[in-house]
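Every read-out reported here was derived from the displayed coordinates using simple, explicitly stated rules and does not represent laboratory data. Quick caveat: nothing in here was measured; it's all calculated off a predicted structure. Glycine gets a Cβ as well: all are built from the backbone with ideal geometry, and neighbour counts include every protein chain shown.
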Amino acid sequence: MIRSLLILGVVLGSMAFIVLNPAVGILMWTWMSVLNPHRLAYGFVSNFPLGNLIAGATILGWLISKEPKKLPMHPIVVLLIVYVIWASITTIFAYDDTAFDKWARFAKIMLLVFLLLSIMKSRMRVHAFVWMNVMCIGYFAVKGGVFTALTGGGSRVWGPPGSFIGDNNQLGLAMVMTLPLVRYLYQQTTHKLLRWGLNGATLLWLLAILGTQSRGAFVALSCMLLFLWFRSKNKLVTGLLLVFVAVAAVSFMPDSFRDRMETVQNYDEDASFMGRVVMWRFALKVAADNPVMGGGFNVFYDEELRDRYLEPGETGRAVHSIYFEVLGEQGYIGLVIFLLIGAGAFFTCGRTMALTAKRPDLAWANSLARMSQVSVVGYAINGLTLNLATFDLYYSLLAIIVLNRVLVERALAREGVGAKTVQGWSPRTILSRADAG
């Protein structure tokens, strides 16, 4: 009861500040959607529409503010708008009756993203937004790391129930994606105690990811650290993190963890993995019959289609892949748009690193682009085994990438540097190498 009253008091007390400064609303909205404090209260506030209150106040503050309302017309933003329109069209023709419910959740996420893009247009605001996401996921990472250390990894680490990160696999993905941002904050922090705290949090973060016993998160973490090591100028630090993960996985984690990770190699003998293959074939069959529109949101749970496409003895379940999820729900057109968004994010980071490589005054933007690119890699790899194509943290990351690029372009344009470079995002730029940073 006390927790519920405290959370309600914080939200209601922030209303005036949000209306006066919608950037506060973005941060509060992120706090509510990522941390899910109401899910941790176990009181009357757990089902109270606090998020809607914050959203309403943020929109009101944005409408009455004198700040520019224009979205940055970066190609990623254009693709996001097209993707939202396409998902709305496919929802109209969706097979499953619950498709609108998933569309409504996705629409709310994209509303936050578009408001974020139009409001958080300064370095300080972007930095604050990164801090908010890291602190929200950090609550579960630090707590989960301590829990894993105390229990020897004997029990799994879970997120708040009823949220995007409630499942151990989902929480593992969230921690994988935010870990590089912890490194970014470390690089931008000069306070010694805070730097020590971020270093300690990084180690607990790694333990917590192992503690989820998520095979996808473990593979994504390993690949992400290897990618970071390959691209990093300071290979010693990244190498030490790789060693820490390897030692912890081999000597610290229990036999149940190692047995679970070994199924990655023996995937053809793992019933869980083969069940996912069944649903991947299901997605291909849906797309074969509906190549343009797909089956709409939640098509994988439609009983009529399960009866039509599943073989005798096969059991319907979640698709567990962002790529097959999008293919089955949005068709090949939706999949192409989704892949273009991801590729655009990766190469935009690379181009931002190239633009800021020799600019000490923009070293912060170079670091943010570098770490954001690593996060995109983590999402792309972990997404192979998770159906989180509408994951709010991923779309927030896309907004960070776009805003970072916009701030760099603005700084260069003020000085008349790279006028041709900063005007747009041509196909040649998309296909160019991103290793200049």
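Run the paramagnetic zone check for R308: 7 angstrom along Cα to Cβ, then residues of segment 329-347 with backbone nitrogen under 19 Å. Once the point is set 7 Å along Cα→Cβ of R308, 329-334 turn out to lie under 19 Å by backbone N, inside segment 329-347.
Legend: calculated FRET efficiency, I85 to A16, from the Cβ-Cβ distance at R0 = 41 Å, rounded to 0.05, equals 0.70.
Among F164, F140, the ranking by other beta carbons within 10 Å of each residue's beta carbon, starting with the fewest, stands as F164, F140.
Here the convex hull built on the C-alpha positions of segment 261-400 has a volume of 118 cubic angstrom per residue.
With each pseudo-label sitting 7 Å past Cα toward Cβ, what's the R414-L150 distance in nm, one decimal? Inter-label distance under the simple model: 4.8 nm. From least to most packed, judged by other beta carbons within 10 angstrom and beginning with the fewest, K66, K233, K102 follow the order K66, K233, K102. Using the Cβ-Cβ distance between L240 and R359 with R0 = 25 Å, the FRET efficiency computed as 1/(1 + (r/R0)^6) comes to roughly 0.30. Taking the Cα centre of the chain as origin and assigning +1 to Lys and Arg Cβ atoms and -1 to Asp and Glu Cβ atoms, the resulting dipole is close to 2200 debye. In the chain the Cα-Cα distances spread across 10 Å bins starting at 0 as 4, 20, 30, 29, 14, 2, 0 percent of all pairs. Length gained on full extension, Y332 to F230, computed as 0.36 nm times the residue gap minus the Cα-Cα distance: 33.4 nm.
Please compare each pair in K70/K235; K66/K143; K143/K235; K102/K233 to a cut-off of 31 Å on the Cα-Cα distance and tell me which ones are over it. Result: K70/K235; K66/K143; K102/K233 exceed 31 Å. Put in line by how crowded their Cβ is, counting other Cβ atoms within 10 Å and starting with the fewest, H38, H74, H127 read H127, H74, H38. Extension gain, M124-I2: 0.36 nm per intervening residue step, less the Cα-Cα distance, totals 40.6 nm. For segment 1-67, the relative contact order comes to 47 percent (Cα pairs under 8 Å, sequence separation of at least 6). The relative contact order of the chain comes to 19 percent, based on Cα pairs under 8 Å that sit 6 or more residues apart.
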